[in-house]
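S.K.: Input: one structure, supplied below.
The values are calculated or read from the model by the stated rules, or taken from the named source; none is laboratory data. Remember, it's a predicted structure, so these values are computed and weren't measured experimentally. When we count neighbours, we look across all protein chains shown, and the Cβ atoms used for this are built from the backbone with ideal geometry, even at glycine. Surface areas here come from the heavy atoms of the whole protein model, side chains and all, with no ligands, DNA or RNA. Shrake-Rupley method; radii C 1.70, N 1.55, O 1.52, S 1.80 Å.
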Amino acid sequence: MIFRSNPSSGVPVYLQLIEQVKHAVDVGSLRPGDQLPTIRRVAEDLVINPNRVAKAYRDLEHEGV
């Protein structure tokens, strides 16, 4: 799974990541039991701090996604 960020959107990247994961679940690209890419991998791909990815993943887990 490849995530993209849009710096000009004004939306924080970790929120963009959350929305992309939710969308992938909604359209069936991600199913229960599928693993997300590692925090390090996503941070490197999006060129962001790994703590932002970890926050997004925690928020997703907290929401039960």
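S.K.: Restricting segment 48-64 to residues that are in contact with a helix residue (DSSP H, G or I) (Cβ under 9 Å, 6 or more places away or on another chain) and open to solvent by 90 Å² or more (accessible area, probe 1.4 Å), which is farthest from ILE2 (Cα to Cα)?
M.R.: It comes out as GLU63.
S.K.: Kindly provide the set of residues from segment 23-47 that are more than 23 Å from PRO7 (Cα to Cα) and surrounded by fewer than 11 Cβ atoms within 10 Å (Cβ to Cβ), ordered by number.
M.R.: The answer is ASP26, VAL27, GLY28, ARG31, PRO32, GLY33, ASP34, GLN35.
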